[in-house]
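Data first, discussion second: the structure below is written as structure tokens.
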Amino acid sequence: MTGGAGYIGGMATSMLLDAGYRVRVLDDCSTGHADAIDPRAHFVRGSFLDASAVQEAIAGCDTVMHFAGKSLVGESVQKPDLYMQVNVGGSAQLLNVMKENNVKKIVFSSSAATYGEPEEVPITEKSPTKPTNPYGLSKLKVDQLLTQRASEDGIAAISLRYFNVAGALNTSHGWLSERHNPETHLIPNVLKATPESPLQIFGTDWPTLDGTCVRDYVHVVDLIEAHIAAMKALVLGKHEIINLGSGDGYSVRQVVDAAALVVGRSIPTAEVGRRAGDPAVLIASVDRAKELLSWTPTRNLLAMMSDAHVSLR
Ligand code: UDP
């Protein structure tokens, strides 16, 4: 589990352990948190960019879940080379170490950012990939590398293209939730908004039902259940790409209204200009996930918000 100290990797570690798997975590805690790692996991503190750390973590493993990487769109625009070096170079090296150790299975955290501004929604896995930022491009390049390695080396790979992940999980070692610094994601920012520091709504003039951007939110627990299903669905010599979302879209204002219901007070907001690089509408088609993984998300926006809210208290 690369990135097992992060928001999604930490929860995946706990859920896999609960399901009876043994888990080894590789994380340098540069953006993750050591206290997010389930104490039942074997923890190797190190970077996935360090081949010797990967070697130590991978020995005896059957499958790699690769969550680690840089994930800030804004930062990727400032430092495109860093995103290529870490996300693409690091993943290529990880695949090399896997090969040396005869580890042939990988589930990779890809992103809806690989699609860029969609020509139509819902977005299917056959939709054109035209990333609008280096972060999305770096994820696309790793997806392409996995396709190549599946055909050349016979590995089994699944890329899961995440839409907007939210929510929290109560584990045996406490609540795990989003702890990014800086926090750029909508749902944690909505829940943290105060009159002194209101939620900034980025743009109210988008071509959508209420002028704010529409996104597809998926509960982190549903998302991890899809990872476990993906792990079981890996086939040697094949690389599959699968979208993970809910198939429904909510505008920023609808998210704010849902949050007000959950927290029982109005959410202070301030309307500001559009954020660079934001597409108007992103909604996933989740038909392929249903077909290949027999997976459908079961936790709705209110559940995501409510879990995230409880985890913050
Ligand atoms: N957003 C917003 N205010 C914030 C954070 C996000 O209005 O403080 C908007 C953002 O412009 C986008 C949506 O909420 O339309 C979801 O943004 P987020 O950063 O959570 O995810 P993204 O879609 O960029 O992956």
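Numerical summary
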| quantity | calculated |
| --- | --- |
| Selected residue (criterion: farthest from G277 (Cα to Cα)) from residues of region 23-78 that are aromatic (F, W, Y) and over 16 Å from the mean Cα position of the chain (by Cα) | F43 |
| Flag for T171 being at pLDDT below 95, in contact with a Gly (Cβ under 9 Å, 6 or more places away or on another chain) and away from the ligand (no atom under 11 Å from the Cβ) | yes |
| Contacts under 6 angstrom Cβ, first residue in region 121-150 being free of Cβ contacts under 8 Å to residues at least 40 places away in the same chain, partner of a type in the set (V, I, T), 6 or more apart | T129/T114; P131/T114; L140/T114; L140/T129 |
| Selected residue (only one of K192, K232 is without any contact (Cβ under 8 Å) to a residue 24 or more places away in the chain and either of a type outside the set (G, A, S) or closer than 28 Å to R275 by Cβ (or both)) | K232 |
| Test: residue in region 81-102 that is part of a loop (DSSP other than H, G, I, E, B) and within 21 Å of the chain's Cα centre (by Cα) | no |
| Residues (buried (at least 24 other Cβ atoms within 10 Å of the Cβ) and out of contact with any Lys or Arg (no Cβ under 8 Å at 6 or more places or on another chain)) located in region 147-158 | I158 |
| Residues that are more than 15 Å from the ligand (Cβ to nearest atom) and either of a type in the set (G, A, S) or crowded, with 23+ Cβ neighbours inside 10 Å (or both), drawn from region 117-139 | S127 |
| Count of residues meeting criterion [closer than 27 Å to M15 by Cβ, within 9 Å of the ligand (Cβ to nearest atom) and touching a strand residue (DSSP E or B) at 6+ places or on another chain (Cβ under 9 Å)] in region 174-211 | 6 |
| V214 vs. criteria within 11 Å of the ligand (Cβ to nearest atom), surrounded by 20 or more Cβ atoms within 10 Å (Cβ to Cβ) and within 19 Å of G167 (Cα to Cα) | yes |
| R253 being in contact with an Asp or Glu (Cβ under 6 Å, 6 or more places away or on another chain), more than 12 Å from the ligand (Cβ to nearest atom) and either of a type in the set (G, A, S) or in contact (Cβ under 8 Å) with a residue 12 or more places away in the chain (or both) | no |
| One residue from G3, G20, G32 being on the phi > 0 side of the Ramachandran plot and crowded, with 19+ Cβ neighbours inside 10 Å | G3 |
| From the options V263, V286, V272, residue that is more than 12 Å from the ligand (Cβ to nearest atom) and more than 21 Å from the chain's Cα centre (by Cα) | V263 |
| Subset tally (residues that are part of a loop (DSSP other than H, G, I, E, B) and in contact with a strand residue (DSSP E or B) (Cβ under 6 Å, 6 or more places away or on another chain)) for region 123-152 | 3 |
| V107 within 21 Å of N243 (Cβ to Cβ) and either at pLDDT below 95 or assigned to a helix (DSSP H, G or I) (or both) | no |
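The values are calculated or read from the model by the stated rules, or taken from the named source; none is laboratory data. Keep in mind the model is a prediction, meaning the values are calculated, not measured. FYI the Cβ positions are ideal-geometry reconstructions off the backbone, even for glycines, and counts take in every protein chain you see.
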